[in-house]
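Below: the structure, in structure tokens.
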Amino acid sequence: DESVHPAFDSILTQLATDEGRILRLLATEGPQGALDIYDKTYVPFRTRLVAEDLTMLGSDAGCRNEDRAPVYLQNLRRLGLVQVSEKPIEDLKRYEIIEAQGHVEQAREQAARPKTTYNGARLTDFGVEFCDLCSPSEVDAKREPLRFRKLADPPKRSRLRVATAPVAVPRMTAALAT
């Protein structure tokens, strides 16, 4: 019986406290905006990536090291907990706030003809299950519906806690609670 995914124990040991804060934000507030800035030229026709995954995850999540948010996002993607997809978030006004940030303006200045794509940072299904089992907060994030088949009733989630890592779980719980 594998009621808890065996990788969760290992993942807990690979998370920084600020990454726990980002997971809590995505689990409780849902998808967050992310921007990519490209330099688009017509002669010759090409598009060059200037900056990717520009977000406000660090400040919105209350990270102690906000400037490390891009590294945190990379690690969360590596662990399969978070994805940045081309599907934009519903609250388009959030993008205006991101676009007004200094680091986004600097990226735009590096491009002769800046083009912005609007993306969304969200928990993967694996990330939803991880947060549901390891987080003291109520998880409001929903799993993405399967595209290749119809879903019956979604499985009932139990409020199990990971019991295989007695040291890591309190650390993760403390990170998600702050």
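The values are calculated or read from the model by the stated rules, or taken from the named source; none is laboratory data. This one's a predicted model, so the numbers in the text were calculated from it and none came from an experiment. For neighbour counting, all protein chains shown are included, and Cβ atoms are generated from backbone atoms with ideal geometry for every residue, glycine included. Calculation scope for accessible area: heavy atoms of the full protein, side chains included, ligands and nucleic acids excluded. Shrake-Rupley method; radii C 1.70, N 1.55, O 1.52, S 1.80 Å.
Annotations
- Of the residues making up segment 61-90, those that are in a loop (DSSP other than H, G, I, E, B), free of Cβ contacts under 8 Å to residues at least 60 places away in the same chain and of a type outside the set (G, A, S) are C63, R64, N65, E86, K87, P88, I89, E90.
- Residue match in segment 156-174 (condition: within 13 Å of the chain's Cα centre (by Cα), modelled with pLDDT under 75 and surrounded by 15 or more Cβ atoms within 10 Å (Cβ to Cβ)): no
- Only one entry in P44, P88 is within 14 Å of the chain's Cα centre (by Cα), open to solvent by 20 Å² or more (accessible area, probe 1.4 Å) and modelled with pLDDT under 95, namely P88.
- Residue count for segment 91-111, restricted to those that are of a type outside the set (S, T, Y), buried (at least 16 other Cβ atoms within 10 Å of the Cβ) and either in contact with a Phe, Trp or Tyr (Cβ under 7 Å, 6 or more places away or on another chain) or not in a helix (DSSP H, G or I) (or both): 1.
- Q32 vs. criteria more than 12 Å from L57 (Cα to Cα) and either open to solvent by 10 Å² or more (accessible area, probe 1.4 Å) or out of contact with any strand residue (DSSP E or B) (no Cβ under 8 Å at 6 or more places or on another chain) (or both): no
- The residues listed here are V82, V4; of these, the one that is modelled with pLDDT under 95, among the hydrophobic types (A, V, I, L, M, F, W, C) and closer than 30 Å to C134 by Cβ is V4.
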